[in-house]
Amino acid sequence: MEHMDQDILKVLYSEQEIARRIKEMGAQMFEDLQDKEPLFVSVLRGAFIFMADIVRACQVRCDVEFIAVSSYGNSTSSSGVVQITHDIQQDISGRHLVVIEDILDSGNTLYFLKQYFMTKGAASVSICTLLDKPSRRTKLITPDYTGFVVPDEFVVGYGLDYGQKYRNLPYIGVLKPEVYTK
Ligand code: PRP
């Protein structure tokens, strides 16, 4: 039977390594956020798995929201234009937001979202990303919480996709080039 693992060149972060790092991040975030009743906003779709794990690793009194944006289309690099396809469902004025992302790449998405939430009256907007790829950055944006800094390789799994697939791999791996060049 064909298994998704066959398309993976190497594992960058195992399920156990991810879990360990998220526990550390959650503890750090708890220290910073315990008095703020933060609103965690997950950016769909890639961050859905990380969101589920980070909110359980950070036991603050909080609520959760989801926003969906599209910027990449079907391409593998960002067009720079960010559109909201599903907006959050509540008034965020005066709230401390923590935006949860799976990966920070060019910075286009988070640059846009940070401004968008500040315009809507958020008291603060911090950024929590599992992966950071600083080598690709074109916008001045720095995460407040980072899981791992990754090299410029095509990573999939743990929410990250290629052509909408591989999101359900429990680890983060590098895709074999022949998968995306064929
Ligand atoms: C990915 C990722 C971020 C964005 C980061 O989403 O989840 O939202 O790209 O890239 P940037 O820093 O260059 O803006 P994608 O558009 O692939 O959609 P997805 O979350 O549905 O996978």
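The table below gives the values:
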{"read-out": "Pair list, Cβ under 8 Å, 6 or more apart: region 120-136 residue over 11 Å from residue 146 (Cα atoms) and among the aliphatic types (A, V, I, L, M), other residue part of a helix (DSSP H, G or I) and more than 10 Å from the ligand (Cβ to nearest atom)", "value": "125/114; 125/117; 125/118"}
{"read-out": "In region 130-149, residue surrounded by the most Cβ atoms within 10 Å (Cβ to Cβ) [restricted to those that are under 24 Å from residue 33 (Cα atoms) and within 11 Å of the ligand (Cβ to nearest atom)]", "value": "130"}
{"read-out": "Close pairs (6 angstrom Cβ cut-off, 6 or more residues apart or separate chains): closer than 24 Å to residue 94 by Cα and in a loop (DSSP other than H, G, I, E, B) in region 35-58, more than 16 Å from the ligand (Cβ to nearest atom) and basic (Lys, Arg) anywhere", "value": "37/61"}
{"read-out": "Condition check for residue 70: at pLDDT below 95, more than 26 Å from residue 121 (Cβ to Cβ) and of a type outside the set (Lys, Arg)", "value": "no"}
{"read-out": "Boolean, residue 176 is surrounded by 13 or more Cβ atoms within 10 Å (Cβ to Cβ), among the basic types (Lys, Arg) and in contact with a strand residue (DSSP E or B) (Cβ under 6 Å, 6 or more places away or on another chain)", "value": "yes"}
{"read-out": "Selected residue (only one of 93, 135, 70, 126 is over 14 Å from the mean Cα position of the chain (by Cα) and over 23 Å from residue 12 (Cβ atoms))", "value": "93"}
{"read-out": "Lone unmet requirement of (1) within 14 Å of the ligand (Cβ to nearest atom); (2) closer than 20 Å to residue 7 by Cβ for residue 153", "value": "(1)"}
{"read-out": "Odd one out for residue 118, checked against (1) crowded, with 21+ Cβ neighbours inside 10 Å; (2) among the hydrophobic types (A, V, I, L, M, F, W, C); (3) part of a helix (DSSP H, G or I)", "value": "(1)"}
{"read-out": "Subset of region 1-18 [surrounded by 14 or more Cβ atoms within 10 Å (Cβ to Cβ) and within 21 Å of the chain's Cα centre (by Cα)]", "value": "8, 11, 12, 13, 15, 17, 18"}
{"read-out": "Residues (polar (S, T, N, Q), in a loop (DSSP other than H, G, I, E, B) and either away from the ligand (no atom under 15 Å from the Cβ) or free of Cβ contacts under 8 Å to residues at least 24 places away in the same chain (or both)) located in region 82-108", "value": "89, 90, 93"}
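The values are calculated or read from the model by the stated rules, or taken from the named source; none is laboratory data. Fair warning: this is a prediction, and the values are worked out from it, not measured in the lab. FYI the Cβ positions are ideal-geometry reconstructions off the backbone, even for glycines, and counts take in every protein chain you see.
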